[in-house]
Amino acid sequence: MQGILPHLLPAALYAFLGFHFWRTRWHPAAAKTVQGIRVWERLALAAALLLHGSVLYGELFGEGGMRFGFSTALSLMLWLAVLIYWVESFHARLEGLQPLVLPLAAVCTLLPGLFPGQHVLANISSAMFRVHFFIAMVAYSLFTLAALHAIVMAVAERRLHRGELTRPLSSLPPLLTMESLLFRLITIAFALLTLTLASGFAFSETIFGKALSFDHKTLFSIVSWLIFAALLVGRHAWGWRGRKALRWTLAGFVALLFAYIGSRFVLEVLLGRVG
């Protein structure tokens with residue numbers, strides 16, 4: 001545990017970039033609409049990722065073993081989400097997400113310094129556990145981006161129906177393009193979540209060193225999986241889209257947050273339990 005100071009620089013850089021993207025892309029007084037990400041912006045975002053990743057590695061492995069509580073989980077989720085966003089921005093326009101993703105990343109970067117009480121993970125030496133953990137965190141991160149994407153779409157759709165589409169929102173890609181990207185994110189994340197649950201159920205003793213227990217984490221994970229499964233089936237069978245798809249996306253994401261992060265927050269912050 002490193003205290004708050006090492007977290008300040010990456011958090012400040014995320015916050016600066018979030019403000020910059022809002023001022024240059026979203027603010028009504030911006031001189032013109034900027035298409036895509038400029039070179040210096042991409043490099044600055046890469047620097048923030050490197051700084052955040054270095055601090056996060058120290059939080060995870062700085063005292064031997066692997067310490068992983070709700071604050072580190074959120075920090076890692078947002079680090080992966082920004083990394084995925086950075087890579088995806090080479091191939092698709094993601095205008096509108098920067099002012100949401102980057103301030104949230106700034107807050108989550110600070111959390112391990114503010115809430116250092118963390119759960120020590122057992123069985124970290126198992127290769128299967130490491131694979132299971134990595135797949136789960138990538139799934140969480142993709143669902144985080146999908147949820148933020150859904151929020152932007154919901155705002156844009158509501159303003160469009162009211163005839164109140166502002167210039168920043170009008171600079172977004174077409175709603176059909178955004179919807180296609182949303183379901184691409186959800187489909188990949190759902191496949192990874194399925195692998196996470198299947199490996200946890202089938203190889204619980206190998207991965208976790210104990211038999212599978214049906215607790216709140218398992219329950220909310222299954223609920224989230226069922227919600228996203230229903231969403232994808234509804235999409236392909238009945239053409240679900242628009243507000244219905246967005247509501248199901250956000251409901252599934254909330255259930256997924258309760259599966260681990262919500263429970264660890266209650267244990268570590270409200271109840272003061274670390275183990």
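Every number here is computed from the coordinates shown, using simple stated rules; none is lab data. Owing to the predicted nature of the structure, the values given are computational and were not obtained by experimental measurement. All Cβ positions, even for glycine, are placed from backbone atoms using ideal geometry, and neighbour counts span all protein chains on display.
Calculate, in nm to one decimal, what Trp40 and Arg243 gain on full extension: separation in residues at 0.36 nm each, minus their alpha carbon distance. Mind dumping the intermediate values first?
Details: separation 203, 0.36 × 203 = 73.08 nm, distance 3.61 nm.
Length difference between fully extended and current span is 69.5 nm.
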If you add up the charges near Phe19, with Lys and Arg at +1 and Asp and Glu at -1, over every other residue whose beta carbon is less than 13 angstrom from its beta carbon, what do you get?
+1
Order these by the 10 Å Cβ neighbour count, fewest first: Val82, Val101.
Val101, Val82
Fewest Cβ neighbours within 10 Å first, please rank His52, His20 accordingly.
His20, His52
What number comes out for the charge environment of Arg235, summing +1 per Lys or Arg and -1 per Asp or Glu over other residues with Cβ under 15 Å away?
+4
Order by neighbour count: Tyr14, Tyr57, Tyr85, fewest other Cβ atoms within 10 Å first, most last.
Tyr57, Tyr85, Tyr14
